[in-house]
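Coordinate-derived values only; no laboratory data. Every value quoted in this text rests on a predicted model; they were computed, and no experiment measured them. Cβ placement follows ideal geometry from the backbone for every residue including glycine, while neighbour counts extend to all protein chains displayed.
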Amino acid sequence: MAVLEGLLPQMPPPLTLLGVVLVLFVLYLLSSTPGAGKDPPGPRPLPLLGNLLHLDLKHLEVSLCELSKKYGSVFTVYLGPKKVVVLAGYKTVKQALVHYAEEFGEREIAPIFKDVTNGHGILFANGNSWKEMRRFSLSNLRNFGMGKRGSEEKIIEESRCLIEVFENFKGEPFDTNQPVNYAVSNIICAIIYGSRFDYADPAFQKTVDGAKENIRLAGSAEIRLYNMFPWLRWCCGRSLVNRTQILKNNKNIIEEIMGLVQGLKDTLNPQDLRGFVDSFLVQQQQESDQPGSYFHNNNLAFTVNHLFAAGTDTTGTTLRWGLLLMAKYPHIQDQVQEELSRVIGEREPRVEDRRNLPYTDAVIHEIQRLANIVPMSIPHTTSCDITFQGHFIKKGTTVIPLLTSVLQDEEEWETPHSFNPGHFLDEKGCFIRRDAFMPFSAGRRACLGESLARMELFLFFTFILQRFRFSPSPGVSEDELDLTPSVGFILNPSPHQLCAMPPPLTLLGVVLVLFVLYLLSSTPGAGKDPPGPRPLPLLGNLLHLDLKLLHVSLCEQSKKYGSVFTVHFGPKKVVVLAGYKTVKQALVHYAEEFGDREIVPLYRDMAKEHGVLFSNGDSWKEMRRFALSNLRDFGMGKRGGEEKIIEESRYLIEVFENFKGEPFDTTQPVNYAISNIICAIMYGSRFDYADPAFQQMVDRANENIRLVGSAEMRLYNTFPWLRWCCDWLLVKRTQILKNIRKNIEEIMGLAQGLKDTLNPQDLRGFVDSFLIRQQEESDQPGSYFHNNNLNRTVVDLFVAGTDTTGTTLRWGLLLMAKYPHIQDQVQEELSQVIGQREPRVEDRRNLPYTDAVIHEIQRLASILPMSLPHTTSCDITFQGYFIKKGTTVIPLLTSVLQDEEEWETPHSFNPDHFLDEKGCFIRRDAFMPFSAGRRACLGESLARMELFLFFTFLLQRFSFSPPPGVSKDELDLTPSAGFILNPSPHQLCAVSRV
């Protein structure tokens with residue numbers, strides 16, 4: 001309406017308002033005349049305005065989709081006095097355009113397109129002229145390589161030129177708009193004219209930029225209004241500035257085209273045709289004596305213009321969406337680059353590679369589907385009266401096939417509004433075609449350049465992704481990249497800039513860089529360095545270490561070099577702290593100096609330094625303080641937490657009972673139970689164990705914990721440049737980031753649900769408290785209470801609150817089956833003290849043996865053998881050794897929990913470690929499974945309560961034993977490799993004692 005209001009003040013006297021009203025009212029009456037049958041339903045139009053008040057002219061496709069939900073897949077809408085039938089949904093659009101191709105096959109030539117082309121060319125034409133131009137274009141484009149080997153070579157040549165342009169930005173942020181459009185435009189130019197243009201050619205730039213501006217303006221609200229009320233040009237033409245600009249650009253483009261055509265005509269050789277224009281000129285000469293021939297200059301100029309515009313903006317826009325989506329979803333970019341590296345390596349991609357790149361192919365298709373760049377197609381008209389799906393539609397009725405409703409049809413796509421390449425992959429990861437994939441429209445008016453566009457998208461995309469990694473500009477996170485399209489006839493990405501990182505270092509470059517780093521790391525400091533094995537150039541001490549069991553290797557090194565020693569992970573210097581006295585001294589007495597977190601490359605990829613686990617500075621301090629305070633408020637270590645654990649213990653017992661004494665894997669039921677405690681504290685409610693989303697969230701978190709500690713990830717953290725030169729090796733990194741993305745999406749969905757029902761007077765959990773604080777600080781720049789910290793803090797608490805306690809409890813059940821005499825003593829004590837009633841936290845003081853067993857499980861399991869790495873916050877001299885600020889420090893917790901100077905039998909399962917001579921429980925200073933100091937586990941009190949209650953509930957109700965045929969001696973206590981040491985895969989029998 002703002003556009004209309006801007007036009008009205010300029011209306012001249014000759015056409016009075018009364019005249020306008022009368023004319024439009026007559027049009028309205030004519031448009032309302034009943035047809036020969038039942039009209040498609042739709043909102044009741046107002047006189048003159050039609051349904052304009054129901055529509056957003058800037059986002060017309062969105063308004064039409066909303067109306068389709070109310071009125072169905074075939075409905076009527078009035079654009080001013082003009083009646084338009086809209087087709088929505090895959091089944092309806094396909095039926096109309098394919099099965100009724102003739103009836104719906106005419107082109108609606110709106111006033112702006114009539115002004116521009118006057119019915120010439122192939123896009124905005126009908127009848128015999130259109131048929132002849134389309135047939136000739138299709139035949140000759142194929143002759144000059146469209147979809148064939150000739151085009152492939154042109155695209156490969158252009159890809160090389162585009163890569164040079166991207167390289168010139170040297171990783172700095174830039175707008176992909178012009179270079180991408182120039183590259184794509186050169187493909188159609190090479191086919192039309194027989195040669196490409198230099199990107200710096202002013203005439204070429206002006207033509208491309210003018211065509212792109214016209215496509216943008218054609219979709220503006222002003223032009224949509226003009227197409228509804230074309231008489232506006234007579235009464236307020238000066239206000240139609242977009243129309244004026246379109247006509248001006250079109251005039252300049254046609255003049256440029258005819259200049260190029262004249263040059264080709266002057267050098268024409270019918271025996272050596274260079275491109276489409278040459279073929280047209282030869283045909284024009286052959287028909288020069290035929291009156292009524294369609295091979296005239298107007299059809300030549302506008303056919304070339306249409307091929308140029310359609311062949312540039314559609315493919316260029318899709319490719320730019322693709323690069324933006326890769327920067328937005330780096331885990332998908334990772335998988336594409338892994339597949340390219342594995343299948344193609346360093347050679348240039350070819351079209352034939354598509355069949356061997358199913359994931360990449362799926363990503364390209366998903367880019368086209370989600371980008372949805374021509375959401376309403378170009379309007380059609382009916383060529384005759386037709387009854388369609390029970391509705392009567394008159395000949396000449398404007399018809400809009402709503403392509404956006406096809407590409408996002410909720411009946412056809414699993415997650416229609418999300419970027420999900422899985423739409424085009426089967427369970428085995430093979431590419432599958434989807435019938436509802438219709439970005440090129442269908443039927444008589446389907447895009448004639450489809451085969452060329454598909455080839456261009458595949459080759460440009462694979463060339464670029466093979467050579468560059470795309471990321472947001474510095475200071476912009478992936479979450480801040482805006483996927484809202486710009487208004488236009490074609491939906492372009494909103495203005496943005498991306499960084500295209502240059503090609504990976506060559507092996508020689510890597511060697512030189514690392515050698516310099518090695519020399520720098522070997523430079524003497526201000527004092528005596530901790531001792532350690534002499535490192536090799538580049539490799540450091542990797543040959544001394546077992547990356548799968550790194551804590552074991554480091555314990556062995558400590559026997560030789562002492563409790564403070566140096567080891568080099570590649571070129572990186574790391575100080576290791578071993579033994580109870582040294583670790584406690586560093587983490588407790590030098591808490592500030594050793595209190596910063598080392599954020600290795602993988603953790604940076606995962607958390608971007610948000611949350612409470614992998615962050616430093618004021619953000620970490622604020623998040624940790626807030627988390628600790630609110631977790632306590634919602635029951636951590638208090639009566640409220642106890643009730644949640646007791647309730648969950650009952651559910652877990654039901655699950656165990658269902659196995660009826662048969663062998664089963666304790667992993668999932670235990671993890672689901674433990675996870676529900678932290679979920680109840682965070683969200684205010686638990687989840688059903690059978691909830692698929694809950695199961696997937698827990699399982700993904702557990703998988704990530706396992707993958708983080710793999711040798712592959714340790715290697716990546718040592719040599720992070722591997723992601724640039726051989727990312728295909730890092731499949732586990734890709735999986736970790738994929739799992740995190742999915743869990744973040746799940747958490748955001750849960751948080752949004754809580755936000756929608758938030759009541760500040762009735763807080764349900766941690767997330768509610770965070771949302772309230774976020775609202776309170778919404779006007780404070782630099783507040784740490786933003787969505788990134790919310791998501792990452794919840795992830796950190798969820799993972800840390802599930803896997804550590806769950807793993808310890810599973811070790812406990814395995815050890816009970818391994819040592820039945822200890823299990824017997826626990827159960828005998830439980831029977832004596834508690835009997836048949838449910839255990840309570842207050843029972844702990846009366847269960848010294850049970851308490852000792854739980855502590856010994858934690859000590860021997862040693863599930864976090866190396867803690868999370870620290871860094872020094874300043875230069876420090878520690879135990880006579882100089883350690884620089886920023887040095888990575890590993891507190892070797894396993895060396896504390898199995899310190900031979902502190903424990904009588906450190907490598908055996910011995911609950912007596914925590915009992916005095918009278919059988920009373922005793923605390924041991926060297927019991928440090930939760931670490932210590934500033935970075936000690938903030939959920940320690942909750943974990944201790946969970947372990948006690950779950951363990952006592954289970955041991956009260958069940959006796960655990962190996963499966964039939966397996967002796968207790970055959971139960972394997974060798975841990976699985978991982979960041980947390982889980983028991984090896986096993987099954988147990990839970991036999992009821994009741």
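Things to note:
- Based on the Kirkwood approach, the hydrodynamic radius assigned to region 131-198 is 13.2 Å, with every pair of different Cα atoms included.
- Crossing angle, helix 202-218 versus the chain [Cα axis fit, 0-90 degrees, rounded to tens]: 90 degrees
- Each of the peptides 121-132, 543-554 was scored by the mean count of other Cβ atoms within 10 Å over its residues; in descending order, highest first, they stand as 121-132, 543-554.
- Cα-only Debye scattering, region 690-761: base-10 log of I(q)/I(0) at q = 0.12, 0.19 Å⁻¹: -0.46, -0.80
- Cross-link pairs out of Lys70/Lys91; Lys70/Lys94; Lys38/Lys395 include none exceeding 26 Å in C-alpha to C-alpha distance.
- The packing ranking, built from the mean of other Cβ atoms within 10 Å per residue, places the peptides 90-103, 759-772 in the order 90-103, 759-772, highest first.
- With an a/c value of 1.5 or above and a/b not larger than b/c for the gyration tensor axes a ≥ b ≥ c computed over the alpha-carbon atoms, region 148-269 is described as oblate.
- Ordering Thr894, Thr805 from the fewest to the most neighbouring beta carbons within 10 Å gives Thr894, Thr805.
- Between helix 177-193 and the chain there is an angle of about 50 degrees, using the helix long axis and the longest principal axis of the Cα atoms.
- Derived value for region 37-107: Kirkwood hydrodynamic radius 12.9 Å. Basis is the mean of 1/r over every pair of different alpha-carbon atoms.
- Highest-first arrangement of 918-928, 874-884, 710-720, where packing means the average Cβ count within 10 Å: 710-720, 874-884, 918-928
- One decimal place: the segment Val282-Ser984 gains 245.0 nm when fully extended, by the rule 0.36 nm per residue minus the C-alpha distance.
- The chain: angle of helix 17-31 to the longest principal axis, Cα-based, in degrees nearest 10: 80 degrees
- Solution diffusion estimate, µm²/s, Stokes-Einstein, the chain, Kirkwood Rh from C-alpha pairs, 37 °C, viscosity 0.692 mPa s: 99 µm²/s
- With semi-axes defined as the square roots of five times the eigenvalues of the C-alpha gyration tensor, the equivalent ellipsoid of region 829-968 measures 35, 17, 16 Å, largest first.
- Cα gyration tensor shape for region 329-405, rounded if a/c is under 1.5, else prolate or oblate: prolate
- Efficiency of FRET between Asn787 and Gln290 - r from beta-carbon atoms, R0 41 angstrom, step 0.05: 0.05
- Secondary-structure-derived ellipticity at 222 nm for the chain, considering helices only, amounts to -16000 deg cm²/dmol, per-run term -39500 (n - 2.57) for DSSP H runs with n ≥ 4.
- Spin-label zone in region 333-348 - amide nitrogen under 16 Å from a point set 7 Å from the Cα of Glu478 along the C-beta vector: 333-339
- Proximal aspartates and glutamates relative to Lys742, as straight alpha-carbon distance under 17 Å, when same-chain residues fewer than 8 apart are discounted: Asp334, Glu414, Glu478, Asp479, Asp605, Asp691, Asp699, Glu703, Asp796
- Relative pair counts by distance (%), Cα atoms of region 354-393, 5 Å bins: 6, 17, 13, 12, 11, 11, 12, 9, 8, 2
- Paired Rg and Dmax values of region 196-353, which use every Cα atom, in angstrom: 21.4, 64
- Counting Lys and Arg as +1 and Asp and Glu as -1 over every other residue whose Cβ lies under 15 Å from the Cβ of Val487, the net charge comes to -2.
- Set of lysines near Lys548 by C-alpha distance (under 18 Å), chain-local residues within fewer than 8 positions excluded: Lys732
- Cα-based reach from Lys114 at 17 Å (exclusive), listing lysines while leaving out same-chain residues under 8 positions away: Lys82, Lys248, Lys251
- For region 641-765: rounded, prolate or oblate by the Cα gyration tensor [a/c cutoff 1.5]: oblate
- DSSP-loop chymotrypsin sites (Phe, Trp or Tyr not before Pro) across region 244-316, with at most 14 other Cβ within 10 angstrom: none
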